[in-house]
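Here's the structure, in structure tokens; my notes come after.
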Amino acid sequence: MSSDHTPRPGPATGTAAPGGLTALLGCAALLLGSFGDEMAQVTFALTLTEDPSPAVMSALLASGLTGGVAASPCAPPLLTRIGVRALIVAVFTAESLVIVAAGLHDGFAGYTLAAFALGFLGSLLWSAVMVLVPSLAPRRADLGRMNRAVQTVRNLGYVVGPALGGVLYARTQGIAALWPASRARC
């Protein structure tokens, strides 16, 4: 049997071919990770539009991106120590708490810290997803197709997440838009 058809040990599970629960967790991580953070970031920005300064919006964006960069050296040791599944669950839990805390402690400083934390956690989540994907490919030939799908959903998150954030913000008249985002992660 060629190596393309032999089950490979997966970094997500430490065992051969992953089960349906791992695939489901991977899909949930992909969808929520793609849309939730962007939705929260837009809600922060819209809530702060009373101060129309471009510096405020730039600070939010820079804070989230800085958090993502800061997570890069942390992801490999965490993935090794606690594993992909546990990291995905921990990230969803922490992101929910950050979003709830941001809703309770609104204002520029709170949103900036929340943007940093969401950027940090989102980077950890994407590191876990990128490790999980190869373990879900039954054959090497499927890996390219799976990576294309993952990147498509990730890129859709940059469009759909902000759109959802704007719609929820408009419908709830403010920061209450953060509550559905935090509940979706729990």
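The values are calculated or read from the model by the stated rules, or taken from the named source; none is laboratory data. Just so it is clear, the structure is predicted and the values come from calculations on it, not from any experiment. All Cβ positions, even for glycine, are placed from backbone atoms using ideal geometry, and neighbour counts span all protein chains on display. Calculation scope for accessible area: heavy atoms of the full protein, side chains included, ligands and nucleic acids excluded. Shrake-Rupley method; radii C 1.70, N 1.55, O 1.52, S 1.80 Å.
Structure notes:
- Just one of the numbered conditions (1) modelled with pLDDT under 80; (2) within 26 Å of Thr152 (Cα to Cα); (3) not in a loop (DSSP other than H, G, I, E, B) is not true of Leu48: (2).
- Tallying residues that are free of Cβ contacts under 8 Å to residues at least 40 places away in the same chain and open to solvent by 10 Å² or more (accessible area, probe 1.4 Å) within segment 108-154 yields 13.
- Residue check, Ala102 within 24 Å of Met57 (Cα to Cα), open to solvent by 10 Å² or more (accessible area, probe 1.4 Å) and touching a helix residue (DSSP H, G or I) at 6+ places or on another chain (Cβ under 8 Å): no
- Criterion: under 14 Å from Ala29 (Cα atoms), assigned to a helix (DSSP H, G or I) and either touching a Leu at 6+ places or on another chain (Cβ under 8 Å) or modelled with pLDDT of 85 or more (or both) - qualifying residue of Ala90, Ala109, Ala117: Ala90
- Top-ranked residue of segment 51-83 - restricted to ones that are modelled with pLDDT of 90 or more and part of a loop (DSSP other than H, G, I, E, B), ranked as least open to solvent (accessible area, probe 1.4 Å): Gly83
- Where a residue in segment 75-103 is under 21 Å from Leu136 (Cα atoms) and touching a residue at least 60 places away in the same chain (Cβ under 8 Å) and its partner, wherever it lies, is open to solvent by less than 20 Å² (accessible area, probe 1.4 Å) and β-branched (Val, Ile, Thr), with Cβ under 9 Å and at least six apart: Val84/Thr22; Val84/Val129; Arg85/Thr22; Ile88/Val129
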